[in-house]
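Following: one structure in structure tokens, then a few remarks.
The values are calculated or read from the model by the stated rules, or taken from the named source; none is laboratory data. In this text the structure is predicted, and so the values were computed from the model without any measurement. Don't worry about glycine lacking a Cβ; one is built from the backbone with ideal geometry, like all the others, and counts go over all protein chains shown.
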Amino acid sequence: MTETRKIRVLIAKPGLDGHDRGAKVVARALRDAGFEVIYTGLRQTPEQIAETALQEDVDVVGLSILSGAHMRLFPEIMQLLKEREMADVLVIAGGIIPEDDFEPLKKLGIKEIFGPGTPTGEIVDFIRKHTK
Amino acid sequence: MAPDTTELVKHVLKGNRRAAARLMTLTESLSPEAHAAIKQLYPYTGKAHIIGITGPPGSGKSTLVDKLIEKYRSHNLSVGVVAVDPSSPFTGGALLGDRIRMNRFASDHDVFIRSMGSRGHLGGLAWATMDVVHILDAMGKDIIMVETVGAGQAEVDIVQLAETVVLLSVPGLGDDIQTIKAGIMEIGNIFAINKADLDGADRRFVELQSALSLGQEGDGWEPPILKVVATTGEGIEDLVKAIQDHHEYLVESEEIVKNRERRCYAQLETIIERSFIRKLLMDPDERTLFDKLVAEVDQRKTDPYTAAERLILHLIKTPKK
């Protein structure tokens, strides 16, 4: 019966690729760090992701993508979050994202991009540091 | 920043999803602001039909809820879902994965789904589940489904919250002795055998039937036993009808009055218990006394009953600050 505000994280996979091992590893690591992780699995539309973020009132949205469609899907997700007054949510991404895309994605408001091989502790620390 | 709760309440009553979600978060942290908001919302609650869905882990509760949402939406009813999953007793973290079965409704604005970690509360629900149900009710949801933590034999808190409890079972779970034990078997108003396409479903049916025929208290409602296959939707129509029948039975037999009283009693009890313990642990004075008494009990200077009596006496006598 603690009274502390728990950090809630949505882990979602937008788009059509069927690889969720990375997302599951991250979800599990965040769970073990004491966060509440809402895991919604594969093939989410931007609309589903934004609406889930709203209903679950998450502090963090973690997007995992390996299909290469991030430049198309991420802007849409950011836009839908903004429409829902969720612009203050910390959005981070992971998966296969070429470095050339980092800058435009960060301009969109995605705070950090974690590539393959990132130690999960680094993601945990980043989230702790960037949520109140 | 303390959000203006009156403002939040106003938006919740208009059905605003963002406000409702934020208020749910506040209730989960058991904040005084949240309690103030629930006080304001309470007069607007009591309209929804609250259905509990319980059963062992992996029995298909979330998949069943998904199919029920579909049916209720086809009748144009708005739906709220609260899905509780266990929190880690070690880290406090949780993996909330019930939504994964219900993703197709994520963009239907008449369906509101909220996942909750049990946060150390036993009994199959979280402390704040009751408040989250109140919020959904005040938002105007017609049907509210509460999916419990995968229940063992004693996770029976759902009776204190739901008007109708659906107890889910699957083939191959123990023998007939399990079905006559006290606890979870007593709380079902409707029994559903999921995965009824698997071997053993008929046997399960007979076991449940004979357990139920051994004698319920006989309040006029005989819990039906239904076979369903949640993945295909088989039997869902009958289940929806059984839930409706139970509701009508409650209303017609006036059992609904007893049902409501029982639930309000339990809610009050929970709140008193929670406030008491919170005051003990949060108030520095009380906390000091509490810690001192714990040490005394440990050293056999006093016994736990005397220590508890002293604490309670102290709490009652201390004027409110």
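Here are a few things to note about the model shown:
- Highlighted here would be strands (runs of 3 or more DSSP E) found entirely within the range A:50-120 that include at least 3 residues which are more than 13 Å from the chain's Cα centre (by Cα) and charged (D, E, K, R), but there are none.
- Scanning the range B:78-108 for residues that are facing another protein chain (nearest Cβ under 8 Å) and assigned to a loop (DSSP other than H, G, I, E, B) yields a count of 8.
- Filtered residues of the range B:110-141 (kept if assigned to a loop (DSSP other than H, G, I, E, B) and at the interface with chain A (Cβ under 8 Å from one of its Cβ atoms)): B:119, B:120, B:121, B:127
- Looking at the range B:1-77, the helices (runs of 4 or more DSSP H) lying wholly inside it that each contain 2 or more residues that are away from chain A (no Cβ under 14 Å), touching a residue at least 24 places away in the same chain (Cβ under 8 Å) and crowded, with 19+ Cβ neighbours inside 10 Å sit at B:5-13, B:32-41, B:61-74.
- Every condition in (1) under 19 Å from residue B:239 (Cβ atoms); (2) surrounded by fewer than 22 Cβ atoms within 10 Å (Cβ to Cβ) holds for residue B:120 except the one numbered (1).
- Lone qualifier among A:52, A:40 - being within 14 Å of chain B (Cβ to nearest Cβ) and modelled with pLDDT under 95: A:40
- Among residues that are outside the structural domain of residue B:276 (by TED's automatic domain parsing), of a type outside the set (D, E, K, R) and under 22 Å from residue B:17 (Cβ atoms), residue B:151 is not included.
- Going through (1) at negative phi; (2) surrounded by 18 or more Cβ atoms within 10 Å (Cβ to Cβ); (3) at pLDDT 95 or above one by one, residue A:82 falls short only on (2).
- Exactly one residue out of B:296, B:237, B:309 is more than 23 Å from the chain's Cα centre (by Cα), assigned by TED's automatic domain parsing to the domain that holds residue B:190 and charged (D, E, K, R), and it is B:237.
- Cross-chain or 6+ apart pairs with Cβ under 6 Å, the range B:124-143 first and buried (at least 24 other Cβ atoms within 10 Å of the Cβ), then small (Gly, Ala, Ser) and in a helix (DSSP H, G or I): B:135/B:20; B:139/B:20
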